[in-house]
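Here the structure is laid out as structure tokens; the discussion comes afterwards.
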Amino acid sequence: MDWTFDNFPAEMAALDPQVREKAIEILNNPKEQFENVDGSELTKLAIKEAQEWFLNMEG
């Protein structure tokens, strides 16, 4: 299932919109290293990576 900005996992509801968008992008295009990770764990990893991306973006 492809996630969208209007249809995303509940864990992402409180995220900043930019972070949510990046997390959705990560979920829809998981890296090879995440192939064997289950859905809920992948969501957590996507959120973590998106938050790190956002912090790095802000400098």
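Contact map, segment 32-59: first residue at pLDDT below 90, second residue of a type in the set (S, T, N, Q), Cβ cut-off under 9 Å, separation 6 or more or different chains; pairs are M57/Q18. Pairing residues of segment 5-28 that are under 14 Å from L45 (Cα atoms) with residues that are modelled with pLDDT under 95 and of a type in the set (S, T, Y), at Cβ distances under 6 Å and at least 6 apart in sequence or on separate chains, gives P9/T43; E11/T43.
When segment 9-20 is filtered for residues that are assigned to a helix (DSSP H, G or I) and open to solvent by less than 50 Å² (accessible area, probe 1.4 Å), the ones remaining, listed by number, are M12, V19, R20.
Here is the figure for segment 21-59: residues that are assigned to a helix (DSSP H, G or I) and loosely packed, with under 12 Cβ neighbours inside 10 Å total 9.
The values are calculated or read from the model by the stated rules, or taken from the named source; none is laboratory data. Being a predicted model, the structure only gives us computed values, none of them experimental. A quick note on method: Cβ atoms are made from the backbone with ideal geometry, for glycine too, and the neighbour counts reach across all protein chains shown. Ligands, DNA and RNA are stripped out before the accessible areas are found, and what is left, the full protein with its side chains, is counted by its heavy atoms. Shrake-Rupley method; radii C 1.70, N 1.55, O 1.52, S 1.80 Å.
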